[in-house]
Amino acid sequence: QGEIILFHRAKPPILVFDGKGELLRSWGDKEIPVAAGAHGLRVDADDNVWVTDIAQHRVLKYSPQGKLLLALGTGRAGDAEDAFNKPTDIAFGKEGDIYVSDGYGNNRVMKFRRDGRFLLSWGKRGTADGEFHLPHAILVDSQERVVVGDRENDRIQLFDEKGSHLATWKGFAP
């Protein structure tokens, strides 16, 4: 919509500007009380704003106006189906599925339905295909491949929507 959305490590954590740099609105103090938790931000096809909060181990979905619509994670580090350990990024499939790179602590990718229901996860710490050392960036391409930036392994890995490894591109530290 021509707006610029900033997620930063200060109060308020989410700021929305117009194209001329004028502040339009801000939010997030209530749900993101620790400013140091700001990490990743994505906007989905419906203009909802998604952020990863590494301090509280959560992924939050907001309306374009700042209303909290969905919160994933328990607020504490964990490795269960409903928990993250410093999630780094979010991506979206064509059908609205949500992919989260749960990078700093768990070294895995998690997949959820659009309503937040857990579907599956894959990965663990390591260097083999399908393993990660800090999955830091994630996206879903036009072929529905899940592209994961495996930062400390200096590579990009590609998977299908079920987590099956398709390819590895070496030589990048995304």
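The values are calculated or read from the model by the stated rules, or taken from the named source; none is laboratory data. All values derive from a computational prediction rather than experimental measurement. Quick reminder, even Gly has a Cβ in these numbers, built from the backbone with ideal geometry, and neighbours come from all protein chains shown. Just the protein is used for accessible areas: all its heavy atoms, side chains included, with ligands, DNA and RNA removed. Shrake-Rupley method; radii C 1.70, N 1.55, O 1.52, S 1.80 Å.
Numbers at a glance
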| quantity | calculated |
| --- | --- |
| Set Val51, Val140: member being in contact (Cβ under 8 Å) with a residue 12 or more places away in the chain, touching a Phe, Trp or Tyr at 6+ places or on another chain (Cβ under 7 Å), of a type in the set (A, V, I, L, M, F, W, C) and open to solvent by 20 Å² or more (accessible area, probe 1.4 Å) | Val140 |
| Test set (1) within 20 Å of Asp102 (Cα to Cα); (2) more than 18 Å from the chain's Cα centre (by Cα) - Thr74 fails condition number | (2) |
| Verdict on Gly66 being closer than 23 Å to Asp150 by Cβ, out of contact with any Pro (no Cβ under 8 Å at 6 or more places or on another chain), modelled with pLDDT of 95 or more and open to solvent by less than 50 Å² (accessible area, probe 1.4 Å) | no |
| Answer residue from the range 143-171, given it is more than 21 Å from Gly105 (Cα to Cα), part of a loop (DSSP other than H, G, I, E, B) and not charged (D, E, K, R) and is most open to solvent (accessible area, probe 1.4 Å) among those | Gln143 |
| Number of positions in the range 95-110 that are surrounded by fewer than 20 Cβ atoms within 10 Å (Cβ to Cβ) and farther than 12 Å from His136 by Cβ | 4 |
| Which listed residue, of Gly28, Gly40, is at positive phi and surrounded by 15 or more Cβ atoms within 10 Å (Cβ to Cβ) | Gly28 |
